[in-house]
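The values are calculated or read from the model by the stated rules, or taken from the named source; none is laboratory data. Only a predicted model underlies this, so the values are computations on that prediction, with no experimental measurement involved. Using ideal geometry, Cβ is built from the backbone for each residue, glycine included, and neighbour counts are taken over all protein chains shown.
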Amino acid sequence: MAHRLRSAVRAAEAGEALAPLSLEPCRRDPHAPRPDGGAARRRAERHRGLVESAALLYRGKPALVRVANVSKGGVTLETSLTPEVGEIVAVAMEGHPPRGAVVRWVRRGRIGLDLDSE
């Protein structure tokens with residue numbers, strides 16, 4: 001999968017059209033509120049300092065961003081980018097394969113991503 005993200009980044013830089021990250025439809029409506037309001041995720045343990053930076057593929061262009069924290073199913077990134085909630089992006093962190101992600105929130109220079117469960 002690392003090669004797939006790298007190829008997508010190079011294709012975007014060359015101006016080529018990008019293939020979708022997944023051909024499978026979303027399992028649930030990304031705009032629908034979570035049954036637990038997201039509180040269960042907030043109780044999950046956060047890990048800071050494991051990864052300092054990540055490559056974010058955002059609207060077909062790569063961006064180097066700072067990782068604020070990583071939890072079991074998500075990651076908080078520090079960036080000036082302002083994606084829409086529900087937007088699909090890809091993120092690659094050092095030592096981990098690239099993964100698709102859904103933007104769950106955007107606040108004051110930070111974005112919260114829900115990572116695919118692959």
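A compact table of results
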quantity: Number of the condition not met by residue 105 [criteria: (1) buried (at least 16 other Cβ atoms within 10 Å of the Cβ); (2) touching a strand residue (DSSP E or B) at 6+ places or on another chain (Cβ under 6 Å)]; calculated: (1)
quantity: Flag if residue 65 is among the aliphatic types (A, V, I, L, M), over 23 Å from residue 7 (Cα atoms) and at pLDDT 90 or above; calculated: no
